[in-house]
Amino acid sequence: MKGSKLAVAVLGDVGGQTKVYEEALRSIGVDPDKGILPKDLDLIQVGDVVRMNPSPHLDSRGCMEISDRLLRNNPGRFVQLLGNHDLALLGGAHDPHWKIEDLPVSRFILEQWWSEKLPSLAVSLSSSVGDDDDILVTHAGMGYN
């Protein structure tokens, strides 16, 4: 994305809310079913695609599948960052009350991404403000104390 002159959208913390994720994507011209970005748009999802301790109204798997389509259909134009909930599924630090075993499909997708080096912890964007002004985008809750 560095040096891109396209519009950049940043979405984050969908936390298993598939309908919210789909609505946000559609509002910026993205087709979440096909995983296709408009030609003039780059997109960064800043993590927490999943939500630990899922409830009946959440669908972490659905959110993971949307991000997976976007990752695979838009190389270099869709960036998937990892948040603390996502990292917990990969074995990172987490609240001991989180039930990681409740999200096996989401964990499988994350493990595939990790092995293929698809997700990131941060991304740097070139700013239009000045030649030397870069913007760092990351997820805020990277650790758990």
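The values are calculated or read from the model by the stated rules, or taken from the named source; none is laboratory data. Quantities reported herein were computed from a predicted structural model and do not represent experimental measurements. Neighbour counts run over all protein chains shown; Cβ positions are idealised from the backbone, glycine included. Side chains included, ligands, DNA and RNA excluded: accessible areas come from the protein's heavy atoms. Shrake-Rupley method; radii C 1.70, N 1.55, O 1.52, S 1.80 Å.
Modelled spin-label separation between GLU101 and HIS57, with each label point placed 7 Å from Cα along the Cα-to-Cβ direction: 2.8 nm.
Extents of the stretch 29-96, taken as max minus min of Cα coordinates on every principal axis and listed largest first, are 43, 24, 15 Å. Qualifying trypsin sites (Lys or Arg not before Pro) in the stretch 1-110, where qualification requires a DSSP coil assignment and no more than 14 other C-beta atoms within 10 Å, comprise LYS2, LYS5, LYS34, LYS39, LYS99. Backbone amide hydrogens, once placed in the peptide plane, bring ARG51 within less than 5 Å of GLY16, SER60, excluding anything fewer than 5 places away on its chain. The Rg/Rh ratio of the stretch 21-67, with both radii computed over alpha carbons and Rh defined as the Kirkwood radius, is 1.00.
Ignoring ligands, DNA and RNA, please state the percent of accessible area on the stretch 47-123 from carbon and sulfur, probe 1.4 Å.
With neighbouring chains kept in place, the figure for the stretch 47-123 is 53 percent.
Accessible area per residue for the chain in Å², computed with a 1.4 Å probe and the full protein assembly in place, what is it?
Using a 1.4 Å probe on heavy atoms only, each residue of the chain averages 55 Å².
Distant-in-sequence amide contacts of SER120, defined by a placed amide H-H separation under 5 Å and a gap of 5 or more residues or a different chain, comprise GLN80, LEU81, LEU82. By the equivalent-ellipsoid construction on the alpha carbon gyration tensor, the chain comes out with semi-axes of 26, 18, 13 Å, ordered largest to smallest.
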